[in-house]
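A short worksheet on the structure shown next.
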Amino acid sequence: MSDTAKPSVLFVCVHNAGRSQMAAGFLAHLAGDRVIVQSAGSLPADQVNPAAVAAVAEVGIDIASAAPRALTAEAVQASDYVITMGCGDACPVFPGRKYLDWQLDDPAGKGVDAVRPIRDEIRRRVEALLAGIAPR
């Protein structure tokens, strides 16, 4: 794990505007201060996808103030878990990190109705991840 006693998780998708932002929002909400949560993108967008913001708001998660960030080697190196979501080979690999690739539909260009199933699948995966990494 990282230098702190808390596990750290980095969610990565191409634009850091949908999937990774929803996942980070869920993990931060569910884990509280037990986990360090970050997200980034290999080609960050200008803003978070409004449909993703609306979809998670429906279940009490507020990511409205989130902003896409660029993926850095330092962010990966500082993370215990790196969860990729369609970023391909853009994510640098460092020894000692746990890498997971979540195959999820991209919510880009979709309305809230189409984003809800993606949101629900992300929540299920985040809950399973949290159960395996953080003490209650």
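The values are calculated or read from the model by the stated rules, or taken from the named source; none is laboratory data. The model shown is predicted, which means the values in this text are computed figures rather than measured ones. FYI the Cβ positions are ideal-geometry reconstructions off the backbone, even for glycines, and counts take in every protein chain you see. For the accessible areas, the whole protein counts, side chains as well, though only heavy atoms, and no ligand, DNA or RNA atoms are used. Shrake-Rupley method; radii C 1.70, N 1.55, O 1.52, S 1.80 Å.
On the chain, 51 percent of the accessible area sits on carbon and sulfur atoms, based on a 1.4 Å probe.
Over all other residues within a Cβ to Cβ distance under 14 Å of residue 10, the charged ones net out to +2, with Lys and Arg as +1 and Asp and Glu as -1. Per-residue extension of 0.36 nm, minus the Cα-Cα distance of residue 70 and residue 47, leaves a gain of 7.1 nm for this segment.
Accessible surface for the chain, divided over its residues, is 49 Å² per residue with a 1.4 Å probe. Phi angles of region 94-105 translate, via the Karplus equation with coefficients 6.51, -1.76, 1.60 and θ = phi - 60°, into HN-Hα couplings of 10, x, x, 9, 9, 10, 10, 10, 9, 7, 9, 4 Hz per residue; Gly and Pro are given as x. Expressed as a whole number of Å, what is the distance separating the alpha-carbon centroids of region 107-125 and region 26-83? Distance between centres, Cα-based: 15 Å.
For the chain, modelled as a GNM with alpha-carbon contacts under 10 angstrom, which of 112, 76, 48 fluctuates the most? Top of the fluctuation ranking is 112. The slack in the chain from residue 77 to residue 120, taken as 0.36 nm per residue of separation less the alpha-carbon distance, amounts to 12.6 nm.
The residue among 111, 36, 70 whose Cα reaches farthest toward the positive pole of the charge dipole of the chain, with charges on the beta-carbon of Lys, Arg, Asp and Glu, is 36. Once backbone amide H atoms are built at 1.01 Å from N, residue 101 has 84 as its partners under 5 Å, excluding neighbours fewer than 5 places away on the same chain. Scanning residues 5 or more positions from residue 39 or on other chains, those with amide H under 5 Å from its amide H are 11, with H placed 1.01 Å from N in the peptide plane. Return the calculated 222 nm mean residue ellipticity for the chain, to the nearest 500 deg cm²/dmol, obtained by summing -39500 (n - 2.57) across DSSP H runs with n ≥ 4 and dividing by the residue count. Helices in the chain give a 222 nm mean residue ellipticity of -11000 deg cm²/dmol. Spin-label pair residue 106-residue 62: with each label point 7 Å from Cα along the Cα-Cβ axis, the two points sit 3.1 nm from one another.
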